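Contents: one structure, followed by commentary.
The values are calculated or read from the model by the stated rules, or taken from the named source; none is laboratory data. Values in this document were obtained by computation on a predicted structure and should not be read as measured data. Neighbour counts are summed over all protein chains in view; Cβ atoms, including those assigned to glycine, are modelled from backbone coordinates with ideal geometry. Quick note on the areas: whole protein, heavy atoms, side chains included, nothing else; ligands and nucleic acids left out. Shrake-Rupley method; radii C 1.70, N 1.55, O 1.52, S 1.80 Å.
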Amino acid sequence: MTPRPIHTPTAEYPITVTPTGRRVTVRIGGELVADSADALTLQESTRPAVQYIPLADVRRDMLTRTATTSYCPFKGDAAYYSVNTPDGQTVADAAWTYEQPFPAVADIAGHIAFYPAKADIAVADA
């Protein structure tokens, strides 16, 4: 089996992780899933910025780990979670986390991100 590639961010393909500095909330089906003043913004090259929220600020009782995984050569192995709302709605693979991210993005360890197409992610005005 060929080893998976590991890439380091460069000037041509930068990745930054910075404190968001504003309150971030995540709702699914109208239910508040996450509320944090300590989110991190990961900006990967020209892709849309992603909010990574500390797991401590997430309603863990609404999360169910799934069998889905993926690999990013810049960040590492991702694990996925479905969100189960109190009204019985399940949104499959709505969030992901890098439990052991590569050194270039080590700050996102212990954080989770949600897909904008599956959740209402709001970043408060400055």
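Here Asp87, Asp93, Asp38, Asp107 are screened, and the one residue that is assigned to a loop (DSSP other than H, G, I, E, B), surrounded by 13 or more Cβ atoms within 10 Å (Cβ to Cβ) and either without any contact (Cβ under 8 Å) to a residue 40 or more places away in the chain or not basic (Lys, Arg) (or both) is Asp38. Could you please find all residues in region 8-31 being touching a strand residue (DSSP E or B) at 6+ places or on another chain (Cβ under 6 Å), part of a loop (DSSP other than H, G, I, E, B) and among the basic types (Lys, Arg)? Arg22, the sole residue that qualifies. Confirm whether Thr46 is closer than 22 Å to Asp107 by Cα, over 15 Å from the mean Cα position of the chain (by Cα) and without any contact (Cβ under 8 Å) to a residue 40 or more places away in the chain. Judged against the criteria, Thr46 is a match.
Among the numbered conditions (1) hydroxyl-bearing (Ser, Thr, Tyr); (2) on the phi > 0 side of the Ramachandran plot; (3) under 15 Å from the mean Cα position of the chain (by Cα), the only one that Ser36 does not meet is (2). If you check Thr16, Thr25 for being buried (at least 18 other Cβ atoms within 10 Å of the Cβ) and among the hydroxyl-bearing types (Ser, Thr, Tyr), only one passes: Thr25. Only residues that are in contact with a Lys or Arg (Cβ under 9 Å, 6 or more places away or on another chain), assigned to a loop (DSSP other than H, G, I, E, B) and open to solvent by 90 Å² or more (accessible area, probe 1.4 Å) were counted across region 110-126, and they come to 2. Residues in region 44-71 that are more than 19 Å from Ile28 (Cα to Cα) and either open to solvent by 20 Å² or more (accessible area, probe 1.4 Å) or among the hydroxyl-bearing types (Ser, Thr, Tyr) (or both): Ser45, Thr46, Arg47, Pro48, Ala49, Ala67, Thr68, Thr69, Ser70, Tyr71.
Could you tell me which residue of region 1-13 is most open to solvent (accessible area, probe 1.4 Å), considering only residues that are hydrophobic (A, V, I, L, M, F, W, C) and either in contact (Cβ under 8 Å) with a residue 24 or more places away in the chain or farther than 22 Å from Pro48 by Cα (or both)? Of everything passing the filter in region 1-13, Met1 is most open to solvent (accessible area, probe 1.4 Å).
Does Asp77 fit the bill of being in a strand (DSSP E or B) and either of a type in the set (A, V, I, L, M) or within 13 Å of the chain's Cα centre (by Cα) (or both)? Spelling it out, Asp77 is indeed in a strand (DSSP E or B) and either of a type in the set (A, V, I, L, M) or within 13 Å of the chain's Cα centre (by Cα) (or both).
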